[in-house]
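Colleague: Pasting a structure below so you can have a look.
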Amino acid sequence: MINRVRSWWRQEDKQQPLEGSFDNVPEHVAIIMDGNGRWAKSRGLPRIVGHQNGMKAVKRTTIAADELGIKFLTLYAFSTENWKRPKDEVDFLMRLPQEFLAIELEELIQKNVQVRMMGNKEELPKHTLAAMEEAMRRTEHNDGLVLNFALNYGSRKEMTDCVQNLAKQVEEGIITSADITSELIDKHLLSGGIPDPDLLIRTSGEMRLSNFMLWQIAYSEMWFTDIYWPEFNKNHLYEAVAEYQRRTRRYGGLTSS
């Protein structure tokens, strides 16, 4: 299987359809989409042009993930820390989900993709939240690839909110402290109902987690690339999957001989 994936992602024709069945493909891939601004700067372009081209990479990657048989694709679209950026850039980023879904939603529906979002909705502009909620509503019965946008998401806040929620349930006598297990915590996280990522990808050469799914990626395989996100294509995704297939996941144990 590794050799087959390798041959696919090295092909010149990026639009050639895939054939055959797939073995040992990660069920859930999460991506920290990094480098939009640096991609634009390296070309003497405004940062917003990098974000616009990043949307094209989202479409390419979604199609490629679906072709590979990946079941869940989580994309780190906007973090709780990104509000610190200049207001004009933040305003532009908040328009991107609306722009992306206005163009791509019908095709996502045709491809049986289910759109989800995890993040804090309260701080999002009304137009951003409305676009996401419409996409989730119109795709909620689709049972193909789950395209999960981490939007206004921060893992530390997610875990803090989870702890506060469970503490309140203990105070109210709904549960006891002994009832709190890792499985119960899983259910109360924003990713509840979605399996933990098997593979975490980060673009742009940075090698840090940036407050992304810190609980969920405890045993995820990680793959880093110097490629800026607007350059990311299906060849890179296949390369990451091929590397994933070469690894042995032991979850703290030993490989049986």
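Colleague: Which distance in Å, rounded to a whole number, links the C-alpha centroids of region 110-168 and region 192-257?
Modeller: Between the Cα centre of region 110-168 and that of region 192-257, the gap is 21 Å.
Colleague: Turning to a different aspect of this structure: Taking every pair of alpha-carbon atoms in region 45-189, give the share separated by more than 26 Å as a whole percent. Let's see the in-between values first.
Modeller: Values: 3687 of 10440 pairs.
Summing the P(r) tail past 26 Å for region 45-189 gives 35 percent.
Colleague: Let me check against my output: what whole-number percent is the relative contact order of the chain, with C-alpha pairs under 8 Å and at least 6 apart?
Modeller: The value is 30 percent.
Colleague: Using Cα-Cα distances under 8 Å and only pairs 6 or more residues apart, what relative contact order does region 122-257 have, in percent?
Modeller: Averaging sequence separation for qualifying contacts and normalising by length gives 20 percent for region 122-257.
Colleague: Let me check I have the definition right: for the chain, take the eigenvalues of the Cα gyration tensor, multiply each by 5, take square roots. What are those semi-axes in whole Å, largest first?
Modeller: Semi-axes from the Cα gyration tensor: 29, 25, 18 Å.
Colleague: Right, something else. Past the 28 Å Cα-Cα mark, which pairs from K84/K234; K41/K87; K87/K157?
Modeller: Working: K84/K234 32 Å; K41/K87 19 Å; K87/K157 22 Å.
Pairs exceeding the cut-off: K84/K234.
Colleague: Mind telling me which of K71, K56, K87 comes out most flexible in a GNM of the chain, alpha-carbon contacts under 10 Å?
Modeller: Top of the fluctuation ranking is K87.
Colleague: Write out the trypsin sites (Lys or Arg not before Pro) in region 170-236 meeting two conditions: DSSP loop, and at most 14 other Cβ atoms within 10 Å of their Cβ.
Modeller: Values: sites: K187, R202, R208, K234; in loops: R208.
Passing sites in region 170-236 are R208.
Every number in this text was worked out from the coordinates using simple rules, so none of it is lab data. This structure is a prediction, so every number in the text was calculated from the model and none was measured. Here Cβ is always computed from backbone atoms with ideal geometry, including for glycine, and neighbour counts include all displayed protein chains.
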